[in-house]
Structures are given as structure tokens and as C-alpha cells.
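*Asks:* Would you mind keeping the following structure in view while I ask a few things?
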Amino acid sequence: MINFQETLDEIYADLSSITTRGTVATYIPELACVNGDKFGIHLIDANGMSYSVGDADEAFSIQSISKVLSLTLAFSIRGDKLWQRVGVEPSGDPFNHLSLLEMENGIPRNPLINAGAIVIADVLVSQLKKPKEDFLSYIQKITNDETIDYDPKVAKSEKDTGFRNYAAANLLKSYGNIENDVETVLDFYFHQCSLRMSCKQLANVFYMFMNRGKCLMNNEYLNINHVKRINALMLSCGFYDEAGEFAFEVGLPGKSGVGGGIVALLPNKFCVATWSPGLNAKGNSLLGMKALEQLTTKTGLSIF
Ligand code: DON
């Protein structure tokens with residue numbers, strides 16, 4: 001039997017002395033204020049047992065990790081109609097690139113790059129009565145945790161500097177792939193990215209992707225076929241132009257954010273979240289990737 005706590009302790013002891021931890025994101029100025037020394041891991045297994053090390057209870061900006069959650073809500077409302085407006089192929093490009101979008105007539109490659117997530121934000125703005133409130137309460141319900149909230153400072157900071165996202169949204173609008181006002185859609189998108197959650201809260205919300213669509217309280221949010229598709233998208237598109245490397249080194253579906261968080265899961269076995277704010281050149285947490293590589297190598301547990 002694998003002792004997850006012992007494994008996490010070993011990984012933490014090995015990695016916490018590393019000083020080369022990449023660079024904290026600065027293109028959203030508010031994210032630059034975060035202490036780059038933070039490092040935490042939280043793992044929850046299929047029986048609901050939890051294991052933690054380091055700063056696993058401290059909330060941080062989940063950024064692009066939120067794209068999986070907005071996609072999940074939109075997919076459960078719209079089903080396969082979603083794929084008329086966004087693709088399911090890896091882009092091989094950084095998360096904020098626009099060149100393919102123009103070449104492919106305003107249909108983003110997948111829902112996990114910025115342009116794709118902006119289309120999903122538009123779907124939710126059309127479908128939800130009070131988009132920001134309804135999305136937040138969806139996350140709070142899945143986790144049974146009302147302390148989860150947006151960070152208005154981060155949302156404002158991103159809005160003030162979000163020139164590429166404005167460019168993407170306007171390009172999408174010019175192709176007819178945004179129904180609502182660009183301002184309204186981006187306001188929702190910036191808020192979803194500003195969600196603050198700890199490793200523990202992230203592992204708890206992503207538990208449903210490991211547990212055939214059922215959350216920790218055993219309520220079903222997705223059917224098994226929808227879970228299959230979201231996990232496939234995380235594996236092929238969750239790390240942008242480093243998705244191949246993540247599959248190669250770690251071997252799990254997962255998603256990263258420029259706040260330094262990564263969440264990954266092995267269906268029916270465990271869900272794990274890491275946080276270390278320093279990013280590698282591709283915008284993924286440097287220490288987080290190392291920690292997850294060690295986790296799947298030490299335990300021999302991966303989808304492969
Ligand atoms: O739109 C942006 O650029 C950010 N709100 C999210 C980017 C992000 O987290 C990319 N992930 N690694």
C-alpha cells in the first residue's frame with residue numbers, strides 16, 4: 001500500500017531547498033506581489049483521505065485553472081453544441097497566442113487557451129442569470145465551501161493590463177463567435193481567473209474529475225462521458241505548448257495557472273494540487289512540475 005503522506009514529505013524535503021524556482025508572473029501586476037518562496041501540495045485519494053505538506057492551506061490566484069471549471073459548467077448546460085464554437089485540439093502555442101485564431105476563422109483550438117476560455121465565458125454570460133454570482137456559487141457548492149471567493153484586486157489588475165485578451169475577444173467578436181458585449185464577457189473572464197483557492201480547495205473541487213463526475217458530497221455534476229472528455233482536454237491542452245512535456249514527465253491529466261498552481265488527477269485513485277509561484281519559460285510552475293514528476297515516479301501511479 002502506498003503511503004501518500006510519506007511520499008509528499010519526501011518530495012517536500014527534496015524540493016523545498018531548491019532556490020532556482022523560475023519567475024513569478026508579472027504581466028498581471030497584482031500577481032507580482034506574491035511571495036515566490038511559497039510551496040505546498042495537497043492530495044486527496046479515492047476514499048476522501050487527505051494528505052498535505054507546506055503551504056497547502058493558503059489561498060492563491062488560480063488563474064487558468066478556472067478554465068476547466070467554467071468549461072465544465074458550460075458543457076453540462078450546452079452539451080456537444082459547445083464544439084461548434086471551440087475545438088478540442090492542442091494548439092502547440094502559448095496560452096495567449098492569436099495567430100491560429102485568425103487562420104482558423106475565429107474558432108479557438110481548444111477551451112483551455114485564453115481565446116477558447118473567452119468563448120466559454122461568453123456561453124456562460126448568455127446562459128446564467130447572474131454569471132459571476134452563479135459561477136461562484138457553483139464552485140462553492142461543489143466544494144461545500146463558502147469561503148471561496150474572487151479577488152477583486154487581481155480582476156482589476158488584469159483588466160487594466162489585459163490588452164491581448166481584449167484583442168482576442170474583439171477578434172472573436174469580428175468572426176461572430178462572441179454573442180455578448182466584449183466588456184461584459186471579459187469582466188466575467190477576469191473574475192473567474194481571479195478566484196482564490198488553496199491547494200486543498202483545488203484538490204477538493206477537482207475530486208469530481210477523479211471520481212466519475214461526483215463531488216466529495218457524492219452529488220453528480222457531470223456524467224461519465226463528459227468527465228472522459230474534460231480529462232482528455234486537460235491531458236492534451238492543459239499545459240499549452242508544454243502539454244507533451246507534462247504528459248511525458250508526469251503522465252496525468254491536469255491544468256496549470258500563472259498564479260503557480262497545478263492540479264492533476266489519476267481517475268479513481270487520487271487528485272493532487274501543488275502551488276509554487278515561480279514559473280518556467282512556458283508559464284507553468286517550475287517546482288510544481290518537478291513535484292508531480294516525483295509523485296508519479298515514486299508511486300508508479302500514472303495513466304500510462
Ligand atoms: O488571461 C490570462 O492571461 C490569465 N488570466 C490566465 C493565464 C494563465 O493562467 C495561463 N496558464 N498557465
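The values are calculated or read from the model by the stated rules, or taken from the named source; none is laboratory data. The shown structure was predicted, so the numbers you read here are calculated from the model rather than taken from an experiment. Every residue, glycine among them, receives a Cβ derived from its backbone with ideal geometry; neighbour counts consider all protein chains shown.
*Asks:* Out of everything in segment 279-304 that is within 13 Å of the ligand (Cβ to nearest atom) and of a type in the set (Gly, Ala, Ser), what residue ends up being farthest from the chain's Cα centre (by Cα)?
*Replies:* It comes out as Ala281.
*Asks:* Which residue pairs have Cβ atoms under 7 Å apart, sit 6 or more places apart or on different chains, and have a first residue in segment 69-84 that is over 19 Å from Lys255 (Cα atoms) and of a type outside the set (Gly, Ala, Ser) and a second that is part of a helix (DSSP H, G or I) and modelled with pLDDT of 95 or more?
*Replies:* From residues that are over 19 Å from Lys255 (Cα atoms) and of a type outside the set (Gly, Ala, Ser), the pairs are Ile77/Gln127; Arg78/Val123; Leu82/Ala74; Leu82/Phe75; Leu82/Val123.
*Asks:* Which helices (runs of 4 or more DSSP H) does segment 96-148 wholly contain that include 1 or more residues that are of a type in the set (Val, Ile, Thr)? Spell out how you get there, then give the answer.
*Replies:* On the way: elements: 99-103, 114-127, 131-143.
Output list reads 114-127, 131-143.
*Asks:* Restricting attention to segment 161-209, report how many residues are closer than 30 Å to Thr143 by Cβ, part of a helix (DSSP H, G or I) and in contact (Cβ under 8 Å) with a residue 12 or more places away in the chain.
*Replies:* Summing the residues that are closer than 30 Å to Thr143 by Cβ, part of a helix (DSSP H, G or I) and in contact (Cβ under 8 Å) with a residue 12 or more places away in the chain in segment 161-209 gives 25.
*Asks:* Every residue in segment 23-34 that is within 12 Å of the ligand (Cβ to nearest atom) and crowded, with 17+ Cβ neighbours inside 10 Å, please.
*Replies:* Ala25, Ile28, Glu30, Leu31 - these are the residues of segment 23-34 that are within 12 Å of the ligand (Cβ to nearest atom) and crowded, with 17+ Cβ neighbours inside 10 Å.
*Asks:* Please pick out the residue among Lys81, Lys67 that is closer than 20 Å to Ala167 by Cβ, modelled with pLDDT of 95 or more and charged (D, E, K, R).
*Replies:* Result: Lys67 is the single residue among Lys81, Lys67 that is closer than 20 Å to Ala167 by Cβ, modelled with pLDDT of 95 or more and charged (D, E, K, R).
*Asks:* Here are some residues: Arg212, Arg229. Which one is at pLDDT 95 or above and in a loop (DSSP other than H, G, I, E, B)? Quick ask: steps written out before the conclusion?
*Replies:* Numbers: Arg229 fails: in a loop (DSSP other than H, G, I, E, B).
Just one listed residue meets the conditions, Arg212.
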